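Written out below as structure tokens is the structure these notes cover.
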Amino acid sequence: MAKPSPSRWPWNSGARRIPAIKGFAGLQIAPVTLENRFVRLVPFDIDAHAEALRDMAERSGQRLATWPYFNPPGDWISVWVKAIRKRAEAGTLVPFAVLTPEGRFAGMSAYLNPDAVSKNVEIGMTIYAPEFQGGATNPACKHLLLGHAFGQGAIRVCFNVDERNARSRAAVTKLGGVQEGVLRDNRVLPDGFVRTTVVFSILAREWPGVKEGLEARLARFERKD
């Protein structure tokens, strides 16, 4: 006699389910160009964007103190770029260069660890040049990245933030991210620091409200022009 599917066991009767889809291939996150009035996200290209990334990182200085790849005084930026290439080739990272509408390099962001089966993906490796912090750049980028992820079938998008990074934690909270928990001492950084990570997420059913809030924020920036 065949065993019942775990999803049919009595203690799972109240669990949320996603309807089965014939031929379902899972969440598909691939390099793509995304743009709106404020920013243009293009697939990060080592040859085209690495030097701009280096210049931005050098100008940012101690603003990067909680950045996972920050490990001066050596050539940590080259190590960082190699890590981007390696993870992109492995399919665990889909990086984007963030450009202004005029084509100026403003920073980068990425999808990390897309899980086709569980339909989960992380948004991270986000960094902006000092002159693009605190304005429309971050909400405009998140509007594009979240919209694309949920449009591709994601049911949950998460953000893993260094506990020390109060600016990023505040930004994710303002975005509409819900704090799920704290992973204590879960990562050793290149400089030997043992990091504690704060986990936030946005679910697909929460996206319409988050999207509305983001669009209201962006509309205020448009009225300033």
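For Val79, the conditions (1) more than 23 Å from Thr196 (Cα to Cα); (2) at pLDDT 70 or above; (3) over 18 Å from the mean Cα position of the chain (by Cα); (4) not aromatic (Phe, Trp, Tyr) all hold with the exception of (1). How about the stretch 99-126: which of its residues are among the aliphatic types (A, V, I, L, M), out of contact with any helix residue (DSSP H, G or I) (no Cβ under 6 Å at 6 or more places or on another chain) and without any contact (Cβ under 8 Å) to a residue 60 or more places away in the chain? Leu112, Met125 - these are the residues of the stretch 99-126 that are among the aliphatic types (A, V, I, L, M), out of contact with any helix residue (DSSP H, G or I) (no Cβ under 6 Å at 6 or more places or on another chain) and without any contact (Cβ under 8 Å) to a residue 60 or more places away in the chain. The single residue among Phe150, Phe193, Phe159 that is under 22 Å from Trp80 (Cβ atoms), within 18 Å of the chain's Cα centre (by Cα) and of a type in the set (Phe, Trp, Tyr) turns out to be Phe159.
For the stretch 114-136, the candidate set comprises residues that are surrounded by fewer than 17 Cβ atoms within 10 Å (Cβ to Cβ) and farther than 15 Å from Val172 by Cα; within that set, the residue that is farthest from the chain's Cα centre (by Cα) is Glu131. The residues of the stretch 126-161 that are of a type outside the set (S, T, N, Q), farther than 20 Å from Ser201 by Cα and assigned to a loop (DSSP other than H, G, I, E, B), listed by number, are Ala129, Gly134, Gly135, Ala136. When we screen Val194, Val157, Val188 for residues that are more than 24 Å from Ala97 (Cβ to Cβ) and either in contact with an Asp or Glu (Cβ under 9 Å, 6 or more places away or on another chain) or modelled with pLDDT of 95 or more (or both), the only hit is Val194. Against the numbered list (1) surrounded by fewer than 19 Cβ atoms within 10 Å (Cβ to Cβ); (2) in contact (Cβ under 8 Å) with a residue 24 or more places away in the chain, Pro139 comes up short only at (1). Which ones in the stretch 157-214 are touching a Lys or Arg at 6+ places or on another chain (Cβ under 8 Å) and aliphatic (A, V, I, L, M)? If the condition is that a residue be touching a Lys or Arg at 6+ places or on another chain (Cβ under 8 Å) and aliphatic (A, V, I, L, M), then Val161, Leu175, Val188, Leu189, Val194, Val198, Ile202, Leu203, Ala204, Leu214 are the ones that fit. Can you confirm whether the stretch 185-204 contains a residue that is over 26 Å from Arg37 (Cα atoms), in a loop (DSSP other than H, G, I, E, B) and acidic (Asp, Glu)? Yes, the stretch 185-204 contains a residue that is over 26 Å from Arg37 (Cα atoms), in a loop (DSSP other than H, G, I, E, B) and acidic (Asp, Glu).
Scanning the stretch 181-195 for residues that are surrounded by 14 or more Cβ atoms within 10 Å (Cβ to Cβ) and not basic (Lys, Arg) yields Leu183, Leu189, Pro190, Phe193.
Matching residues to (1) out of contact with any strand residue (DSSP E or B) (no Cβ under 7 Å at 6 or more places or on another chain); (2) more than 21 Å from Val198 (Cβ to Cβ); (3) touching a residue at least 40 places away in the same chain (Cβ under 8 Å); (4) not hydroxyl-bearing (Ser, Thr, Tyr):
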residue: Val157; (1), (2), (3), (4): no, no, yes, yes
residue: Val161; (1), (2), (3), (4): no, no, no, yes
residue: Asn165; (1), (2), (3), (4): yes, no, yes, yes
residue: Ala171; (1), (2), (3), (4): yes, no, no, yes
residue: Lys174; (1), (2), (3), (4): yes, no, no, yes
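Residues in the stretch 86-111 that are surrounded by 15 or more Cβ atoms within 10 Å (Cβ to Cβ) and over 16 Å from Val172 (Cα atoms): 13 in all.
Within the stretch 170-184, the only residue that satisfies the criterion of being assigned to a helix (DSSP H, G or I) and farther than 23 Å from Arg205 by Cβ is Ala170.
The values are calculated or read from the model by the stated rules, or taken from the named source; none is laboratory data. Since the model is a prediction, treat every value here as computed from it, not as a measurement. Ideal geometry is used to build each Cβ from the backbone, glycine not excepted, and the neighbour counts take in all protein chains shown.
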